[in-house]
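K.L.:
Quick one: this structure, given as structure tokens, is what I'll be asking you about.
The values are calculated or read from the model by the stated rules, or taken from the named source; none is laboratory data. Keep in mind that what you see is a predicted model, and the values were worked out from it rather than measured. Every residue, glycine as well, gets a Cβ built from its backbone with ideal geometry; the counts of neighbours run over all protein chains shown.
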Amino acid sequence: MKILFIIILQLLFFLSAHADYNNTLTGNWSGKRTHIAENGIDFQLKYTLDIFNIASGGIKTGTTMVDEIDFITRIDGAKLWNIEGSSGKIYFYRNNFGHVNRDYIGSTQGVDGNESNYDFTHIDEAWLQQNFHENKYSILAGLYDFTYEFYQTNSSGMFLNPTLNIGAEFSNSGGNGASLYPSSALAIRLKTEPNENSYIQAAIIDGIPSIPLKPKRPRYHLYTKNGTLILTEIGLTPSKDKFAIGAWTYTKGAPDLLNKQNRDSYGVYTILEKQLFKNSKNSYESLTAFFRIGKTDGNTSRFSYTWSSGINYSGLFPSREQGVLGFAIMQAVNSNKFRQFELINDIKTKHSEYVVELTYQDYIMPGVSLQPDIQYIINPSGNPSAKNALVFGLRTELFF
């Protein structure tokens with residue numbers, strides 16, 4: 001239980017430390033970084049190390065780590081090539097050692113959003129965007145991870161569990177999962193914002209994202225025999241709140257789980273985010289709640305539906321204005337056809353899986369964020385023989 005001692009020690013350090021939140025570890029390079037940004041290029045280098053201790057249950061107990069290096073470059077086309085309303089993004093990452101869920105837990109929803117089944121260096125995004133008519137309309141084209149714009153609630157983004165970034169019912173859809181980390185795809189995205197409190201967006205994405213493996217890496221395509229993923233979302237964003245509904249479908253469909261005949265493959269989701277409280281005397285202190293639910297067709301997907309809900313308390317401690325305490329619960333429900341398919345192979349898959357997560361995120365010094373995390377997985381459905389798992393984690397993020 002050494003990791004639990006480390007988490008408690010770091011949490012105590014949070015409550016007493018003072019940090020400058022506006023700087024990175026390497027600073028502004030005597031103003032050179034600002035100069036580069038003023039000429040249209042802004043970049044960020046981040047290193048993330050996640051340490052997990054599986055204290056009980058799952059496939060086996062033990063301690064493991066997941067690490068990642070991210071390099072993000074953002075381009076302001078108006079400054080760089082003198083085209084108003086244009087922008088771009090290139091995002092490289094290096095994912096390395098540690099498979100906490102695959103090797104230790106067997107959860108269908110996962111434990112760490114940075115985990116993948118393989119270690120590799122990959123481009124997650126590389127796109128250009130052009131805005132029109134006072135930025136009310138935009139078109140984006142290129143390699144695209146839709147989770148930065150679709151199915152998103154700000155308050156759920158701090159959690160480590162991947163279901164709180166994108167519902168498991170959607171991320172596991174299609175022939176190779178949807179176009180998101182760690183396998184994104186070529187896409188065209190259209191968006192309009194009729195006013196500052198509403199938006200409509202749609203994307204056409206390659207139906208089967210490229211698998212980022214060596215030595216042979218499948219080529220990227222948009223219109224191929226694999227079909228396309230069509231995704232739409234309509235949202236209202238008054239003040240700090242958000243309400244949105246979305247839908248997706250694969251033009252090629254997918255095999256039925258039981259008879260293997262091709263069926264329409266689609267789903268819908270709803271997300272809701274509401275600020276419940278804000279301290280008028282302290283702008284850092286607020287309480288925000290969120291709820292997310294997604295439903296599939298039930299014939300071509302493992303999941304019938306998933307949902308998640310939680311709250312974030314920002315500025316809980318007076319001396320830690322940027323600290324955020326979060327609590328969330330989520331459920332992934334297996335479809336009836338998937339359970340019937342498993343029974344054919346003498347596997348008695350459980351009806352659903354629950355995950356409860358408690359986490360706290362804060363900065364201990366400029367450019368260094370620490371986040372102790374506790375997750376309890378009930379009925380890890382990826383492995384029917386696995387027991388309920390208790391997981392202690394600690395995320396360290398270094399911004400350069």
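K.L.:
Can you tell me which residue in the range 75-95 is farthest from T121 (Cα to Cα), limited to those that are β-branched (V, I, T) and in a strand (DSSP E or B)?
P.N.:
This residue is I75.
K.L.:
While we're looking at this one, here's another question. So which of T296, T349 ends up being in contact with a helix residue (DSSP H, G or I) (Cβ under 7 Å, 6 or more places away or on another chain), among the hydroxyl-bearing types (S, T, Y) and closer than 23 Å to N388 by Cα?
P.N.:
T349
K.L.:
Please find, among G142, G174, the residue that is in a loop (DSSP other than H, G, I, E, B) and within 21 Å of T251 (Cα to Cα).
P.N.:
G174
K.L.:
Quick one: G98 ticks every box in (1) in a loop (DSSP other than H, G, I, E, B); (2) buried (at least 19 other Cβ atoms within 10 Å of the Cβ); (3) in contact with a helix residue (DSSP H, G or I) (Cβ under 9 Å, 6 or more places away or on another chain) bar one, so which box is it?
P.N.:
Every condition holds for G98 apart from (3).
K.L.:
How many of the residues in the range 332-375 are surrounded by 15 or more Cβ atoms within 10 Å (Cβ to Cβ) and not in a strand (DSSP E or B)?
P.N.:
Number satisfying all stated conditions: 10.
K.L.:
So, one more: Scan the range 231-243 for residues that are in a strand (DSSP E or B) and free of Cβ contacts under 8 Å to residues at least 60 places away in the same chain and jot them down.
P.N.:
Result: T232, I234, G235, L236, F243.
K.L.:
While we're looking at this one, here's another question. Under the condition of being of a type in the set (S, T, N, Q) and surrounded by fewer than 16 Cβ atoms within 10 Å (Cβ to Cβ), which residue from the range 238-268 is farthest from S173 (Cα to Cα)?
P.N.:
Ranking the candidates gives S239 first.
K.L.:
Quick one: which residue in I271, I329 is within 23 Å of the chain's Cα centre (by Cα), surrounded by fewer than 21 Cβ atoms within 10 Å (Cβ to Cβ) and not polar (S, T, N, Q)? Don't jump to the end; show me each part of the working.
P.N.:
Working: I271 fails: surrounded by fewer than 21 Cβ atoms within 10 Å (Cβ to Cβ).
When all the criteria are applied, what remains is I329.
K.L.:
Go through (1) within 19 Å of the chain's Cα centre (by Cα); (2) surrounded by 15 or more Cβ atoms within 10 Å (Cβ to Cβ); (3) of a type outside the set (G, A, S) one by one and return the number of the condition D76 breaks.
P.N.:
It is condition (1) that D76 fails.
K.L.:
Among the hydrophobic types (A, V, I, L, M, F, W, C), within 30 Å of F71 (Cβ to Cβ) and modelled with pLDDT under 90 - does that describe any residue in the range 343-359?
P.N.:
No, the range 343-359 contains no residue that is among the hydrophobic types (A, V, I, L, M, F, W, C), within 30 Å of F71 (Cβ to Cβ) and modelled with pLDDT under 90.
K.L.:
Evaluate the range 274-283: report whether one residue or more is surrounded by 13 or more Cβ atoms within 10 Å (Cβ to Cβ), modelled with pLDDT of 90 or more, under 18 Å from F146 (Cβ atoms) and out of contact with any helix residue (DSSP H, G or I) (no Cβ under 9 Å at 6 or more places or on another chain).
P.N.:
Checking the range 274-283: not a single residue is surrounded by 13 or more Cβ atoms within 10 Å (Cβ to Cβ), modelled with pLDDT of 90 or more, under 18 Å from F146 (Cβ atoms) and out of contact with any helix residue (DSSP H, G or I) (no Cβ under 9 Å at 6 or more places or on another chain).
K.L.:
Right, next: Out of (1) touching a Gly at 6+ places or on another chain (Cβ under 9 Å); (2) buried (at least 16 other Cβ atoms within 10 Å of the Cβ); (3) at pLDDT 90 or above, what's the single condition that is false for I234?
P.N.:
(2)
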